1. Within the bounds of region 15-23, is there any residue that is under 21 Å from residue 307 (Cα atoms), in contact (Cβ under 8 Å) with a residue 24 or more places away in the chain, more than 16 Å from the ligand (Cβ to nearest atom) and assigned by TED's automatic domain parsing to the domain that holds residue 362?
2. What number of residues within region 56-85 satisfy the criterion of being outside any strand (DSSP E or B) and within 16 Å of the ligand (Cβ to nearest atom)?
3. Spot the failing condition for residue 175; the list is (1) within 16 Å of the ligand (Cβ to nearest atom); (2) closer than 22 Å to residue 25 by Cα; (3) over 20 Å from the mean Cα position of the chain (by Cα); (4) not in a loop (DSSP other than H, G, I, E, B), and only one is missed.
4. Within region 39-52, does at least one residue satisfy the condition of being away from the ligand (no atom under 16 Å from the Cβ), closer than 22 Å to residue 286 by Cβ and part of a loop (DSSP other than H, G, I, E, B)?
5. For residue 180, only one of the following conditions fails: (1) touching a residue at least 60 places away in the same chain (Cβ under 8 Å); (2) away from the ligand (no atom under 16 Å from the Cβ); (3) within 26 Å of the chain's Cα centre (by Cα). What is its number?
6. Could you check region 425-481 for strands (runs of 3 or more DSSP E) lying wholly inside it with 2 or more residues that are modelled with pLDDT under 95?
7. Is it the case, given these coordinates, that residue 223 is surrounded by 15 or more Cβ atoms within 10 Å (Cβ to Cβ), modelled with pLDDT of 95 or more and more than 16 Å from the ligand (Cβ to nearest atom)?
Ligand code: AHR
């Protein structure tokens, strides 16, 4: 297989907002309890936070973490998580039919977030609650003091900038699910009240829970028609999995993410035109990942448990390549997608896995995510690509090569995926518009066994490898991408 592409700084998409590389911590399964927090664990600090997990979170480099849900937030009383831990109530969380002890609340989460150096993105409950609880929470978090809620906090304000107006309110599974009209009115009035408490906050309106939702498109149009001026972002959620043995389609699912983003952008811009609005809305793709939802389908009538093992997918090399490709899709839309949250950070469809009382380790998907987060900073350039195509059952004819370039000035980083399951691909890159680039390194995630995974016993079975340095000659780079691989080529 052979392909080529041209990279030119004139073909500028937009600057990468570092918040594109965010993550997500939900009170679900073992994400919080025994994931980030486990008092009594040999590596727990004085506050009960696992430092083995914290070290991996720092290595991952996600600058932003969404919290506390997810479906969980739609039944959450944030006041249950403040005050002396011994006096906090244990509640039944209806979203995941779990016992929530409230030993981690907003204050503990902020201590953890500061410790690992991430910015919080806070969701408010628009399922069972509404405007009053939301504006009290902003007061609790962001006001310096002198009011009921801010005095209860004590200490410095948290200064939380980014707020989600509910979670997946279009989904019939959501506690307090609403029609688009019902949600739009509630979101608008809640947004106004929250901003009256703190005018400096940024707000995210709920978009669709997925492109497959029957209300997709009309939901965004209705919600944004009402809330356009009151919000800064509309959310998107997208989860992908391999169906049966159709790996070819799975490897191309970033084309679905591309189309989904384009459709939400088109809808937001339509509302902008109709409403004669001046500002342009941006996108918070605040839940995305590979998730084998089909494996979870049988778990609908969950038994009530505390800290159950929920959706602990173990990711393979193939899944990791897809995760890398989904990041390429997000980067390609850097002009409109400013926020992204890979769901979730630990254990629950997690990038990091832990055992209670035991080890913490990196899933295979950790690697493309950590490397893109670290090196994909700068200005995204749209490459002109010529590549062979293949036919897929779900996405039609798609290119075997997907790639994006990030201009880091003076260098360039290329992220590329070879979707062929069997054949390596030679790639020639024309870099003549970027004179002075003479050396390159090539890091790849690929394996003789595309189903290989990392486990507690073999935590480093899947890791990226440094391949032979590609040749750069006369402004042309020559590189070979292994079969079924994610690649990062750094030029300087
Ligand atoms: O991330 C797991 C769940 O997926 C979240 O709680 C929900 O928002 C989504 O459906």
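The values are calculated or read from the model by the stated rules, or taken from the named source; none is laboratory data. As the structure is a prediction and not an experimental result, all values here were calculated from the model. Cβ sites come from the backbone with ideal geometry, for glycine too, and all protein chains shown count toward neighbours.
1. So in region 15-23, the residues under 21 Å from residue 307 (Cα atoms) come out as 23.
Retained after the next criterion (residues that are in contact (Cβ under 8 Å) with a residue 24 or more places away in the chain): 23.
Of the ones still in play, those that are also more than 16 Å from the ligand (Cβ to nearest atom) are none.
No: region 15-23 contains no residue that is under 21 Å from residue 307 (Cα atoms), in contact (Cβ under 8 Å) with a residue 24 or more places away in the chain, more than 16 Å from the ligand (Cβ to nearest atom) and assigned by TED's automatic domain parsing to the domain that holds residue 362.
2. Of the residues in region 56-85, the ones outside any strand (DSSP E or B) are 56-63, 68-85.
Restricting the remaining residues to those that are within 16 Å of the ligand (Cβ to nearest atom) gives 62, 68-76.
The number of residues fulfilling the criteria is 10.
3. For residue 175, the exception is condition (4).
4. Going residue by residue through region 39-52, those that are away from the ligand (no atom under 16 Å from the Cβ) are 39-52.
This time we only want the ones that are closer than 22 Å to residue 286 by Cβ, so: none.
There is no residue in region 39-52 that is away from the ligand (no atom under 16 Å from the Cβ), closer than 22 Å to residue 286 by Cβ and part of a loop (DSSP other than H, G, I, E, B).
5. (1)
6. Values: elements: 425-430, 440-445, 465-467, 471-473, 476-481.
Answer list for region 425-481: 471-473.
7. Details: surrounded by 15 or more Cβ atoms within 10 Å (Cβ to Cβ): yes; modelled with pLDDT of 95 or more: yes; more than 16 Å from the ligand (Cβ to nearest atom): yes.
For residue 223, the condition - surrounded by 15 or more Cβ atoms within 10 Å (Cβ to Cβ), modelled with pLDDT of 95 or more and more than 16 Å from the ligand (Cβ to nearest atom) - is met.
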